[in-house]
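Data first, discussion second: the structure below is written as structure tokens.
The values are calculated or read from the model by the stated rules, or taken from the named source; none is laboratory data. Owing to the predicted nature of the structure, the values given are computational and were not obtained by experimental measurement. Methodologically, a virtual Cβ is constructed for each residue, glycine included, from the backbone with ideal geometry; neighbour enumeration extends over all protein chains shown. Just the protein is used for accessible areas: all its heavy atoms, side chains included, with ligands, DNA and RNA removed. Shrake-Rupley method; radii C 1.70, N 1.55, O 1.52, S 1.80 Å.
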Amino acid sequence: MTEKEEKPGTKAESTGAEMRVEGSDKSKDAPVEEVEIPPTLVGYFGEDRASPSVFFKILRKNEVKRFRPADQEAAAKLMLSKDPEAERLWSLMAQASPPEPVDAWMWGAAQSRLKEQLGEAFDPHDHDSGRIFKSVLRELSAGLGSEKKDDKRRAENTLRIAICWLVEKRSLKTWQVAEQLPSVLFKDLKTAARAAQRAVQKGRPGELRIAAAMAALGDQMVKVAEEEQARERHISNDLRHRLDDANRKIEKLRTELEDAKSTNSEQEAAIANLEKTLAAERHHWGHDLTETRAEQKVLLGERLGPLLADAIDALEIDPPAPGIALRRVKAALSVIEEAKE
């Protein structure tokens, strides 16, 4: 791959295209002579190797707007044999402004290539880009640390393609990439520190710019972490206040419940007493009513009855004896008045 110093804000810079791994074989990074190839993907991945810039020039010259489906299918098969390390695919993705047909094709090709290389470790349907990236790193960690140059280059290119695809299509943040890479690319913190010192002290201008950019990114990561911590602290305090309020309400409700239980017990006791009193009163009233009925029976049957019967007899005899009848009625009234007292 040809290393180039990108302008700030280019795709290569934003997706980690300039990431370097110590020990990379640069024999394949040498400039390639311009060659004439067909304006197709098969032409680019064929025997005659052309640089991305030459391929782009050929596409623009022939006014290619889209690659034919047959060309895309043939290229997908050709890449497996002609680009086993995904170097040519990555070279297209690393360019700042690829032509429209290349840009339309390469993202789907990158996804397919990642699936071929990583298998279940790459799940493009996962909504969490950070989780996808961690899974990719775990799968590639052995290859990135391999002593075999081909294996290491293949793993490196696959990682770059994954980063580029995740940033572009899954909105993976640069700081999410940066915070995960040190543990994979460096054995320990000292090794990482030496590499950083070498880039700052003796590196080329491009490496110095990258070091400065990473320092700025580190500051941003710290700022984001502090903001997140402050936000979580605010949320925690808010939740604590809510919990305190809830506990106070619970305690108040518990007190009210105890008072209600106590009141309920008192009312139940009062009701029981009233029921007991009512039962006693009913018994007493029943006894009194029985006595009253007996008295009334005696009054009506033994005292009033005979008097009224005599009065009727006195009126019914021939000749009638109204005087006797009147005396019997008066006697009956006297008995009634006596009963009222």
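On the given criteria, is S112 in a helix (DSSP H, G or I) and open to solvent by 30 Å² or more (accessible area, probe 1.4 Å)? Yes, satisfied. Of everything in segment 272-295, what is open to solvent by less than 90 Å² (accessible area, probe 1.4 Å) and hydrophobic (A, V, I, L, M, F, W, C)? Give them in sequence order. Matches in segment 272-295: A272, L278, A279, A280, L289, A294. Residues in segment 40-77 that are part of a loop (DSSP other than H, G, I, E, B), open to solvent by less than 20 Å² (accessible area, probe 1.4 Å) and hydrophobic (A, V, I, L, M, F, W, C): F45, A50, F67.
Taking the conditions exactly as written (at pLDDT below 95, open to solvent by less than 20 Å² (accessible area, probe 1.4 Å), of a type in the set (D, E, K, R) and within 30 Å of V184 (Cβ to Cβ)), does R20 satisfy them or not?
Criteria not met by R20.
In segment 241-299, the residue that is modelled with the highest pLDDT out of those that are among the hydrophobic types (A, V, I, L, M, F, W, C) and closer than 30 Å to A339 by Cβ is L278. Within segment 136-151, the set of residues being open to solvent by less than 50 Å² (accessible area, probe 1.4 Å) and within 13 Å of Q117 (Cα to Cα) comprises V136, L137, L140, G143. Would you confirm whether or not segment 56-79 contains a residue that is out of contact with any strand residue (DSSP E or B) (no Cβ under 9 Å at 6 or more places or on another chain), in contact (Cβ under 8 Å) with a residue 40 or more places away in the chain and either more than 19 Å from R153 (Cβ to Cβ) or not aliphatic (A, V, I, L, M) (or both)? The answer is yes; a qualifying residue exists.
Taking segment 125-159 as the range and being part of a helix (DSSP H, G or I), without any contact (Cβ under 8 Å) to a residue 24 or more places away in the chain and under 20 Å from the mean Cα position of the chain (by Cα) as the test, only R131 passes.
Limited to segment 178-237, what total is found for residues that are charged (D, E, K, R), open to solvent by less than 100 Å² (accessible area, probe 1.4 Å) and in a helix (DSSP H, G or I)?
Count: 4.
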